[in-house]
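One structure is given here, and the rest of the page talks about it.
The values are calculated or read from the model by the stated rules, or taken from the named source; none is laboratory data. What you are looking at is a predicted structure, and each value in this text was computed from that prediction instead of being measured. Areas reflect the complete protein model, heavy atoms only, side chains present, ligands, DNA and RNA absent. Shrake-Rupley method; radii C 1.70, N 1.55, O 1.52, S 1.80 Å.
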Amino acid sequence: MINQKCSTLLLKDRRRRRIIKCIYVVGFMDLFGVSMIIPLLSHHVKALGASPTVAGIVGSTYGILQLFSSTIVGSWSDVVGRRYSLLTCLLLSTLGYGLLGMSTSIALFVLARIPVGLFKHSLSICRALLSDLVSASERPLVMGHFNAASSVGFILGPVVGGYLTEHEGGFYTSSFTCAAIFLINAGLVWMIPQSETVANRNDTVCRNDTSTGYHENHFSKSVQNGSHTNSHHPLLTAETQQESTSSEKHRGGFRWRDVPFLQPVWKQLSSVGSRIHIVASSDMWDLFLVRLLMAIAIMLYYSNFSLAMEERFLLKPKMTGYLISYSSTLGALAGFLVGPVTQLYKNNMSALLLHSTVLTSTLIFLYAAAPNVWQVLLTSTFFAISTTIGRTCITDLELERGGVQASGTLIGAGQSVTAVGRILAPLLSGLAQEFSPCGPPSLGVVLALAAVALLLIRIPKWDARGMTKTAKFRNSHEQKLVH
């Protein structure tokens, strides 16, 4: 009997590992396809006859759509399930990039960017799916590997895109190739059994309940973490709904309309709205503010990098490109360091986030005050590592405080916050450059230090809250054992 249980658990773990590796491949191919297109967009829209102003407006369409759709689509994945929402996003992104390959006018170009802007959230849903499949202790390691795989794709994509562009109709070939890649990704996701993701999700929730010391039976209870009082919303995840639907089926009460993605649209939208409201009214403003401050600070570091290298050190664009490629490669490889570093910190993500933020702010300062290129090279080396670890830390903390049941909503909200940073950073960079080429990174130092100060104030409250939850769980567990 014991051997049978062990073999069943071993088989489940192997299936789970196969799904995780499949998601790594999806992440790699996703950014590989996208990065083939990104460097070519501005050239193509100008070739269609757009003025610089129109090109700027058209270029901002994608960012604005992402800003408003990230949280909604992420929350929708909590409602209808990861596999269905991921398939929908990949197929609609395929449509968008296919239309881009046929864009012979500015109007068609804008039309092609709409489905991509609204539904290109495949990476966010992949992260939410990974958080469903692994325990809290495994999450930083798996997320780090996923980010590394995606980053490698982002590095290799422009090389292939540039090669294809040299041939006649290169942009259209690149667009159709990108659409084909997303279609292949949809095929990979289709092959993932829904039952496997549901079963692993339920196992993960149970493991996290035991290890973190509090229950996540209700989404609102897992999100509150402090001041949020609206704990009367019994919002179940899609997988939990499917599990209850399955039990109804065994009792003879199965109805097709109970399946999440077959429910009426108004019912899905109602659930999405409720989830977003719970996150918006929760006590997680501090984490989202830290994310925003650091996102802007990092973008300010890169905003005028090429121009600053030329003006400060007379560095040619070719050498600057090598420096950026070197930093990007290190950032990709740094994803593999996340697991060992979190183990070194004994999964104390709050302390790791604080230290990585301090290191990032120090490196931005050293870059702003660098007297020569060698110091810039040194700061770029450690900057790529610290920012990679910091991004993983803040995502993990959002999931830890919000609960895995809310992972889609939380990751989507984080992406929306980052999108706000992408809108604000160019504006702040332009204003800072009016004073000095070192203005943008200097402003980045100020924002990063503000994030450090906020962490120093809030982390003791997070730790105290976590200790209270753990004590309550232990007391209730001991009382159950006594009875």
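Structural remarks
- In summary, the convex hull built on the alpha carbon positions of segment 284-469 has an orientation-averaged projected area of 10.7 nm².
- Mean separation of Cα contacts under 8 Å (6+ apart) over length of segment 12-194, as relative contact order %: 42 percent
- Additional length obtainable on full extension of the chain from Asp13 to Ala369, 0.36 nm per residue less Cα span: 123.1 nm
- Calculation over all alpha carbon pairs of segment 12-194 in 5 angstrom steps from 0 returns a P(r) of 1, 8, 16, 20, 20, 14, 9, 6, 3, 1, 0, 0 percent.
- In order through segment 264-280: 3J(HN,Hα) via Karplus (6.51 cos²θ - 1.76 cosθ + 1.60), integer Hz, x for Gly, Pro: x, 4, 4, 6, 4, 5, 4, 5, 4, x, 5, 5, 5, 4, 5, 5, 5
- Accessible surface of segment 12-194, 1.4 Å probe, proportion on carbon and sulfur as whole %: 72 percent
- Stokes-Einstein diffusion coefficient of segment 320-385, Kirkwood radius over Cα pairs, 4 °C, 1.567 mPa s, in µm²/s: 101 µm²/s
- Ile298 sits with roughly 30 Å² accessible to a 1.4 Å probe, with DNA, RNA and ligands left out of the calculation.
- Ordering Arg113, Arg15 by accessible surface, largest first, gives Arg15, Arg113; the 1.4 Å probe counts only protein heavy atoms, with every chain in place.
- Solvent accessible area, Å² - His355, 1.4 Å probe, full protein context: 90 Å²
- Separation of the alpha carbons by more than 27 angstrom is noted, of Lys267/Lys461; Lys21/Lys120; Lys120/Lys316; Lys120/Lys267; Lys21/Lys461; Lys346/Lys461, for Lys267/Lys461; Lys120/Lys316; Lys21/Lys461.
- Candidate residues Arg17, Arg291, Arg83: accessible-area rank, largest first, probe 1.4 Å: Arg17, Arg83, Arg291
- Length gained when the stretch Tyr322-Ile184 is fully extended (0.36 nm per residue, less Cα-Cα span): 46.5 nm
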